[in-house]
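Working notes, structure below.
The values are calculated or read from the model by the stated rules, or taken from the named source; none is laboratory data. All values derive from a computational prediction rather than experimental measurement. Here the Cβ is made from the backbone with ideal geometry for all residues, glycine too, and neighbour counts use every protein chain on show.
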Amino acid sequence: MKPTTPSHEELASRPLDYRFAAWLVRIFARCYFRLRVVGAHHVPLVGPAVLASNHVSYLDPPLVGCVLPRRIHSLARKSLFDSALLGFVIRRLQAVPVDRDGGGGAGLKAILDRLSAGGTILLFPEGTRSPDGEVKTARAGIGLTVIKTDAPVIPVRIVGAYEAMGRHHRFPRPRPITIVFGAPLTFAALRTEAATCDKARLKEIYQQVADELMDAVRKLQP
């Protein structure tokens with residue numbers, strides 16, 4: 001899939017502080033982490049899209065946000081905004097503050113509002129950082145989100161960020177990091193079925209979407 005050239009409106013929607021923060025993070029990441037990006041052409045440059053990534057480090061949102069030419073919204077725990085450095089970066093990258101688990105009606109509404117406005121949002125289906133760097137099971141909530149929107153879903157795998165700054169490290173270490181974007185998934189058949197099925201089947205569909213999505217993430221290779 002060839003990306004569409006972003007419109008002037010899309011480029012203008014990236015405020016100067018967002019562009020500056022993304023440029024700053026990108027330069028740092030390329031020098032310090034030898035950052036590589038694979039498959040970025042899979043991300044549409046216009047229209048709504050969901051990026052669904054594994055989660056291994058606090059570095060994940062700014063790293064994904066800095067490598068794409070369009071504005072990316074991500075959800076971040078409210079407590080992270082209290083950090084001087086990290087809070088500064090995620091504010092400039094326009095992260096959306098949510099409660100600790102990132103769930104509930106407020107989190108879902110924030111996601112759907114941005115998608116309905118044609119935005120791209122970064123989600124972490126596992127819900128929390130991996131304790132060992134391995135891709136874990138997704139929560140069913142990602143399935144709910146996917147079913148409630150027609151946006152394409154792009155699986156993303158971040159490799160090396162756990163070694164650079166896993167949950168047991170306070171400061172980033174100079175380890176190589178690669179971000180891999182996969183081909184978009186549409187879940188068209190499950191979205192159609194979800195429109196008419198009963199509640200029991202709907203719950204199964206949410207989990208099925210979550211499982212298929214994380215399988216796609218696991219298969220991505222740098």
Identify, please: which residue in the stretch 1-12 is surrounded by 14 or more Cβ atoms within 10 Å (Cβ to Cβ) and part of a helix (DSSP H, G or I) and is, among those, modelled with the highest pLDDT?
GLU10
I'm trying to understand the selection: among the residues of the stretch 67-99, which are over 18 Å from ARG114 (Cα atoms) and touching an Asp or Glu at 6+ places or on another chain (Cβ under 7 Å)?
LYS78
Which listed residue is farther than 20 Å from ASP60 by Cα, within 16 Å of the chain's Cα centre (by Cα) and not hydroxyl-bearing (Ser, Thr, Tyr), from GLY105, GLY127, GLY118:
GLY118
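So that you can scan it fast, the table gives a plain yes or no per residue for (1) part of a loop (DSSP other than H, G, I, E, B); (2) touching a Lys or Arg at 6+ places or on another chain (Cβ under 9 Å):
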{"site": "HIS73", "(1), (2)": "no, yes"}
{"site": "ILE90", "(1), (2)": "no, no"}
{"site": "GLY118", "(1), (2)": "yes, no"}
{"site": "GLU126", "(1), (2)": "yes, yes"}
{"site": "SER130", "(1), (2)": "yes, yes"}
{"site": "ARG173", "(1), (2)": "yes, no"}
Of the residues that sit in the stretch 13-41 and are in a helix (DSSP H, G or I) and among the charged types (D, E, K, R), which one is surrounded by the most Cβ atoms within 10 Å (Cβ to Cβ)?
ARG26
Can you pull out every residue in the stretch 42-71 that is of a type in the set (A, V, I, L, M, F, W, C), without any contact (Cβ under 8 Å) to a residue 60 or more places away in the chain and in a helix (DSSP H, G or I)?
CYS66
Given the criteria touching a Gly at 6+ places or on another chain (Cβ under 8 Å), closer than 22 Å to GLU163 by Cα, among the β-branched types (Val, Ile, Thr) and modelled with pLDDT of 90 or more, does VAL25 qualify?
yes
Inter-residue pairs, beta-carbon under 9 Å, first of a type in the set (S, T, N, Q) and in the stretch 182-201, second surrounded by fewer than 16 Cβ atoms within 10 Å (Cβ to Cβ), 6+ apart
THR186/ASP150
By residue number, the members of the stretch 160-179 that are within 20 Å of LEU75 (Cα to Cα) and either buried (at least 20 other Cβ atoms within 10 Å of the Cβ) or at pLDDT 95 or above (or both) are ALA161, TYR162, MET165, ILE179
